[in-house]
Amino acid sequence: MKKILAKNLVSIIDAQKYVGKTVKIGAWIANKRSSGKIAFLQLRDGTAYFQGVVVKAEVGDDVFALAKRLEQESSVIAVGVIREDTRSKFGYELGVTDLELVGESHEYPITPKEHGTDFLMDHRHLWLRSRKQHALMQVRNEIIRATYEFFNDRGFIKIDSPILTDTSAEGTTDLFETDYFGKPAFLAQTGQLYAEAGAMAFGKVFTFGPTFRAEKSKTRRHLTEFWMIEPEMAFMHQEESLKIQEQYVAFLVEKVLENGDYALDVLKRNKELLKKYIQLPFPRITYDEAIEMLKKNDFDVTWGDDFGSPEETFIANSFEKPVFILNYPKEIKAFYMKPHPVRSDVVICADLIAPEGYGEIIGGSERAVELDYLKEQLQKYNLKAEDYEWYLDLRRFGSVPHSGFGLGLERFVTWISGKEHIREAIPFPRTLNRLFP
Ligand code: 4AD
Ligand code: MG
């Protein structure tokens, strides 16, 4: 068989631009059905799926024989004419005129039948090729793209915080330790402390990178490696930061609805619900009010407890929108949060809880600015003052009120996609018992 040049290939997603024209498409065979005279190839090229129709009488014996023996996930170059196809949702198909096998595939392990999650996770490198996983990654990609758009349009500079660090910011219990030329180092739990340095240098900044937490918990919301977006703003109090947080969340939801419509359909996500989440403002309650609400509804909680998943879900369900819970007890929050001016037992912070049981998607606060207070806090949290001297410098040299927050990318993707479990929201998840593939 002659060689088709893998040049000037067209993407399936662009089919509508080529109706009536002959094009070349590089694709994998996602599925196939055939009879003695006609074969329907489900073609997948990473941009979309559509059907290639191979008619024996039109392509001849050799090409037809090839079409008939192609197995799932073989790669091909298909040549053909794009036609409208009103019967399919995609709306176009390829009338194949020529076909070349590029890479064989036999006994592909993931078949259209049902597989267990462990099996699929062990084959994550292949599972990513399937329709739902593709849709999830499109949602994730749109959220990443829209994040840059949102912050760039508002004058934020992206700064990259280090991943190897010698300090902890979010508590010492879930640190990943590694050897750094004979000294201990830790994988970053957050970029925040560096983002604060960035805010003092550049005003408004955000970090966006991988963060690591040695979470020993096996929940559907925790990864050990996850991506976090952490904006930090100088000359800003918590009130203004909350406004940016809700605008950012609404913007992301809006952009996924706008640019991820097809992906949301594949995921069977309820778009009417998503549209509600664009309406601002988001409701706010204080931690004290949350405790009262929970007590009234027979939850066994006392003031000072942190909320778990049942508590967060109950609170969120009472509002049907993301809800801010403000001013948590100081004892259960990080050392750097600004103490409340009149209530010494709480801090100026907020967690944003997603509706539908998806839990905390944002944690944020105004930052403490008093040097002496921070020194006391370090001591209280058993953190070595000398490791934080650089951080304290930010309070020594032109300290200003500043606030920031962190949004967990995978929690957000899971919520917007309506998935049960966080593990499908990242290409290669890391959890308590998964480091492979
Ligand atoms: O609430 P957290 O711990 O806040 C911080 O790390 C702050 N330094 C943020 C800041 O103010 N700059 O984490 C922020 C968000 C959570 O709301 C959650 O969405 C996500 O990060 N997150 C996780 N996502 C997946 N797996 C985990 N183990 C997560 N831990 C936190
Ligand atoms: Mg938190």
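Nothing in this text is a laboratory measurement; each read-out follows from the coordinates by a stated rule. All values derive from a computational prediction rather than experimental measurement. No Cβ is skipped: glycine too gets one built from the backbone with ideal geometry, and neighbour counts run over all protein chains shown.
Below are the figures for this structure:
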| quantity | calculated |
| --- | --- |
| Those lysines that a straight Cα-Cα span of less than 25 Å connects to Lys276, excepting residues fewer than 8 apart in one chain | Lys132, Lys243, Lys255, Lys268, Lys321, Lys419 |
| The chain: most fluctuating residue of Lys216, Lys113, Lys380 per GNM, C-alpha cutoff 10 Å | Lys113 |
| Once exposed loop GluC sites (Glu not before Pro) are cut out (DSSP; at most 11 other Cβ, 10 Å), longest piece of the chain | 115-419 |
| Built amide H within the under 5 Å cut-off of His402, gap 5+ | Met236, Arg367 |
| R0 of 25 Å, Cβ-Cβ distance Asp306-Val369: FRET efficiency to nearest 0.05 | 0.50 |
| Nearest 10 degrees, 0 to 90: helix 371-380 Cα axis against the chain principal axis | 80 |
| Label point at Ile332 placed 7 Å out along Cα→Cβ; residues across region 164-190 whose backbone nitrogen lies under 19 Å | 170-174 |
| Inter-probe distance in nm under a simple model that places probes 7 Å from Cα toward Cβ, at Asp265 and Lys384 | 5.9 |
| Set of region 394-421 residues, backbone N closer than 19 Å to the point 7 Å along the Cα-Cβ line of His237 | 399-405 |
| Label-zone membership for region 390-423, site Glu254, 7 angstrom Cα→C-beta point, backbone N under 20 Å | 407, 412-413, 416-417 |
| Filtered trypsin sites (Lys or Arg not before Pro), region 1-61: DSSP coil and at most 11 other beta carbons within 10 Å | Lys2, Lys3, Lys7, Lys21, Lys37 |
| Those aspartates and glutamates that a straight Cα-Cα span of less than 12 Å connects to Lys56, excepting residues fewer than 8 apart in one chain | Asp98 |
| Gain on full stretching of the segment that runs from Ala201 to Thr172 - 0.36 nm per residue minus C-alpha separation | 7.7 nm |
| Residue with peak Gaussian network fluctuation, the chain [Cα springs, cutoff 10 Å], from Ile422, Ile244, Ile325 | Ile244 |
| All aspartates and glutamates inside 15 Å of Lys330 as judged from Cα atoms, apart from same-chain residues fewer than 8 positions distant | Glu170, Asp288, Asp305, Asp306, Asp345, Asp351, Glu366, Glu376 |
| Listed residues Pro231, Pro322, Pro341, most fluctuating in the chain (Gaussian network, C-alpha, under 10 Å) | Pro341 |
| Cα centroid of region 368-425 to Cα centroid of region 165-196, whole Å | 12 |
| Linear extension gain, Glu104 paired with Ala65, 0.36 nm per residue minus alpha-carbon span | 12.6 nm |
| Loop chymotrypsin sites (Phe, Trp or Tyr not before Pro), region 168-224, which have at most 15 other Cβ atoms in a 10 Å radius of their Cβ (DSSP) | Phe176, Phe181 |
| Net dipole in debye of the chain [+1 Lys, Arg Cβ; -1 Asp, Glu Cβ; about Cα centre; nearest 20] | 1840 |
